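The values are calculated or read from the model by the stated rules, or taken from the named source; none is laboratory data. In this text, all values refer to a predicted model and were calculated from it rather than measured experimentally. Reconstructed Cβ throughout: ideal geometry from the backbone, glycine too, with neighbour counts over all protein chains shown. Surface areas here come from the heavy atoms of the whole protein model, side chains and all, with no ligands, DNA or RNA. Shrake-Rupley method; radii C 1.70, N 1.55, O 1.52, S 1.80 Å.
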Amino acid sequence: MVYVVLFAALYRRTLRTRDAAHDSVWRFAMRGRTSAILAASGVLQATVFAAMPLFASRLPGSMLPVLSQTAVPFSLVLSAVLLHRRYDWLQTLGTCIVFLGVAVCSYPNMSPPESSMFHGVSFTRNALGLLAAYFANSASLVLKEKALLQYKVENNGQELSGTVVNLVNSLWQAVALGVLWPVNFAFLTPMGPVAYFTEAAATSARAASVALVALYWTVNVLYVILTVTAIRTLSSVSVLLIQAFSVPVAALLFCVRWPMLPAEPFSWCFGAGLVVILTGIMFYNHESISGQRGRTKADPLPRPGLHHAFTPSMASLVMLTKPVGRTLALHDADDVGADEELQWSGDWFFVQMSDAQLGMLHCMDNHDHSAELDMLRLAVRKVKQLRPKFVVHTGDLADEFPAGSAEAKMRGVDEKRREAQLTAAFEALGEFSEPPNEVPLVECCGNHDAGDRPNWTTMETYRTACGDDYFRFWAGGSLCVVINSMLWAAQEPDAERRYGAGRKDLREARRLAEAQDEWLRSVLLQGLSVSSEESARAGADDAAPPLLIFSHISPFCYSADEPKGYFNASPVLRSRLLDLVGRAAQARRPPAKCHWFAGHLHRNAGANVTDRLEVVVTGAVGTKLFERSGDVSPTERVSIPGCDFQRSRCAPDASGVRVVCVTRAHGVVHRWFSLDELPDQIDPTQAAADWASEATAQSN
C-alpha cells in the first residue's frame, strides 16, 4: 500500500491535463494487450516480498548479498526466453562463473563440521527458498521490461512512463499480498495476529527500530525508482552484474561487528567465492572492458535495462527480520556492554540461586508455598547484604506449570494458584531492585516456567512475565550468556516421541530453537573479538576473563559421558553444546576457561570436562532433593526415579545459594552455602584464595 500511495501521488503530479496521450498510456497499462504482463510482474513481486523475509531471516547475513547474485543467470535465461536476446559465449561463461562463486561461498554452510548444529540441511533448505524468491524477482523485472519494450514498439519509439508502470505494478502487488497474507503469516511466525501485532508495535516504538525501518524504506523506494530510471541505457543482466561489484563489500560488512548486528564468521572459502564472483563479472562485461560496448546483433532496439539495487535493500531487510541477539546490560537495558563492564576492573563475585519453585514441597497435598517463599525472602535479604555484581536465578520460579503447556493439557492447571506463586516470587525477588544496595537480577527460563515441552504460547507467557529467554551481557570483562535450555527438548533425538500428538508444538519449538542456535553461534563469535581486545589491553601474561554460561538444565550432572535422563541433555546434543562453548573459550587470546552454571537437579553436582571447561549444577534455594540411597543405576541417578522425595527439605540448613568469585590470581572459584551458613560479607580476592587452597588440600 505504501507503493500504491507513493506512485499514485507521483502519477497525479504528471497529469497536468487529461489528454489523449494519458488515456492511451492508461489503456495500455490497464486494458491493453500487455496488461497481463504487468499483472504477472506485480504478482511475482508480491511473492518475493512474502518469501524473502521468511528465508532471509534464517540465513547468515553475509550470504544474502552473495545469494542475490543468482539473479544474474536467472535474468540472462529469462531475457533470452522472453526478450529474445542473445549473449556471446563469454557472457554466458561469466554468468556460469558467478553461479560457481555463489556455490563456493555457500560450501562452508552446506558442509559444517560434525560438531556443528547450526547449518547443514537447514541452510540448504532456506537457501533454496531464497533462490526461488530471486528467480521470481528476476522474472518480475524482465516482465516489466517486456511491457516497456512492447509499448515502445507499438507507439513509434515513445517511452512508457515509469511512474505508470510502477503504479500498475504496485496495484497488483497489493492485491496479491492481500491474498497471500494468511499463508505468509502462518509460515513467517507461529504467533497469532494479536500477539504478533502487539509485539510489532512494541518493537516499532524503539528508537533503533524506527531508524532501521526508515533506512529500509528509503533504500527500497530508491531501488524501485532507480529500477525504471536506468531502463533506457543498460540491459537488466549487465546492470545486475555491475551491481555484483558491491557483493564483496556488502558481504564482508556482515563479517564486521556492528552495534546491532553480530559479526558473521569469515572463512577463506567464502573469500575465494567472492573472487570467483568478481571473475564472472569481468567475463560478462568483456565488451565494456575492451571498449567494444554496444548492441548485440540480435537486439532490434537499443538495449533497455533495470537498475538492480537489491543488495543494499536486503542488507536493511535482514537487520529487521533476523534475530540479531537479545541483550541485557547490568546498568542500562539500552546500553549493552557498558565500558565499565567490558573491561576488567578488579576481582568481583556474583551469586547463583536456582529453583525457588514456590509450591514444590507440598505439591502433592495442599500446594502451600510458604516454605519456599520464606527461603527465597531469606536468601534475597542475605545476598543483598553481600552486594554482588549481579544475581542469577537459573530457572523455575513457581511449581505450577503454565497454561498452554503439555503438562497443563494433560493434568490441568490452576491458574490462580500459579498466579499466586509467581506474584509471591516476583515480590520477593523485587527486593533486589529496592534501595539501598540495588543488585541486578538475571533470570533463566526453567521447565516449570515454560513446560518440559515448550511451545510458542508458553514461551510468550514467559517473555511477558520475565523478559527475554536468551540474551547476553558483560560483567567485569566477562561475556555472560543466558541460554533457554528448555528449547533443547525440540532438538533431542527423541523429540517426536516426547511431543507425541503435539506436532504443532514441536514445529513451533524447533523454529524457536533454530533462532536461538543461530543467535548463540553469532554472539559467541562476537564475544570473542571483544574479549580478545580486552585481554590484549590487560597484558599477555594475564589470563583472559572467563566465559560464563547460564541455563536451567545442564549438559550433564555428574559426568560428561553419563546417559540421558530427566535432568540433563542427551549425549548427542551435549557433545555439540560442550564442543561449541569449549572451542569458543579456547579460541580467545589468551585462551580462557568456560564455566557453565545450571540448576534443575535441586542438589549440587557438576564436573570438569577439560581443564578449560567446567559444568556446575547448583542446589535449590527452595526445596532440596536428595539422591535415593541403595542401588541406583546411572540413568536413574539423573532422572526422577533417582530422587528420594520423602527426604525433601526446604529449610535454612538445606536450601542455599552459590557464591562465585572471579579473580585474576585464581580464576573462577565458587562455593555453595546453605542459607544459615552464608557469611555476612565476601571479599572475592580473599575468598577465592581460601577456597582454592582448601580445594588443593582436599585433592592432595
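Of all the numbered requirements in (1) surrounded by fewer than 20 Cβ atoms within 10 Å (Cβ to Cβ); (2) more than 19 Å from SER267 (Cα to Cα), LEU100 misses one, and that requirement is (2). Is one or more of the residues making up region 670-692 touching a Leu at 6+ places or on another chain (Cβ under 6 Å), over 30 Å from SER575 (Cβ atoms) and either open to solvent by 20 Å² or more (accessible area, probe 1.4 Å) or β-branched (Val, Ile, Thr) (or both)? Scanning region 670-692 turns up at least one residue that is touching a Leu at 6+ places or on another chain (Cβ under 6 Å), over 30 Å from SER575 (Cβ atoms) and either open to solvent by 20 Å² or more (accessible area, probe 1.4 Å) or β-branched (Val, Ile, Thr) (or both). Filter region 533-572 down to residues that are surrounded by fewer than 20 Cβ atoms within 10 Å (Cβ to Cβ) and part of a helix (DSSP H, G or I) and give me whichever is modelled with the lowest pLDDT. Once the filter is applied, the top-ranked residue is ALA538. Among the residues of region 602-634, just one is farther than 16 Å from SER554 by Cα, among the polar types (S, T, N, Q) and modelled with pLDDT of 95 or more, namely THR623.
Restricting to region 384-403, count the residues that are touching a Gly at 6+ places or on another chain (Cβ under 8 Å) and not aliphatic (A, V, I, L, M). Of the residues in region 384-403, 8 are touching a Gly at 6+ places or on another chain (Cβ under 8 Å) and not aliphatic (A, V, I, L, M). Within region 573-594, restricting attention to residues that are of a type in the set (Lys, Arg) and in a loop (DSSP other than H, G, I, E, B), the residue that is farthest from ARG510 (Cα to Cα) is ARG589. The residue that is modelled with the lowest pLDDT, counting only those in region 28-49 that are open to solvent by 30 Å² or more (accessible area, probe 1.4 Å) and in a loop (DSSP other than H, G, I, E, B), is ARG31.
Taken over region 638-652, residues that are open to solvent by 30 Å² or more (accessible area, probe 1.4 Å) and either part of a strand (DSSP E or B) or modelled with pLDDT of 95 or more (or both) amount to 6. The residue of region 579-601 that is farthest from GLU492 (Cα to Cα), among those that are more than 20 Å from the chain's Cα centre (by Cα), open to solvent by less than 40 Å² (accessible area, probe 1.4 Å) and hydrophobic (A, V, I, L, M, F, W, C), is ALA592. Checked against the criterion of being more than 22 Å from GLN491 (Cα to Cα) and open to solvent by less than 20 Å² (accessible area, probe 1.4 Å), the candidates GLU431, GLU415, GLU419, GLU372 yield just one match: GLU372.
Annotation for region 48-64: no member residue is closer than 15 Å to LEU131 by Cα, touching a residue at least 40 places away in the same chain (Cβ under 8 Å) and over 26 Å from the mean Cα position of the chain (by Cα).
So, ALA607, is that one touching a strand residue (DSSP E or B) at 6+ places or on another chain (Cβ under 7 Å), small (Gly, Ala, Ser), within 27 Å of CYS480 (Cα to Cα) and surrounded by fewer than 16 Cβ atoms within 10 Å (Cβ to Cβ) or not? Yes: the conditions hold for ALA607. Taken together, the criteria exclude GLY178 from residues that are out of contact with any Ser or Thr (no Cβ under 7 Å at 6 or more places or on another chain), farther than 24 Å from SER75 by Cα and modelled with pLDDT under 70. Residues of region 613-647 that are over 20 Å from ALA598 (Cβ atoms) and hydroxyl-bearing (Ser, Thr, Tyr): SER629, SER633.
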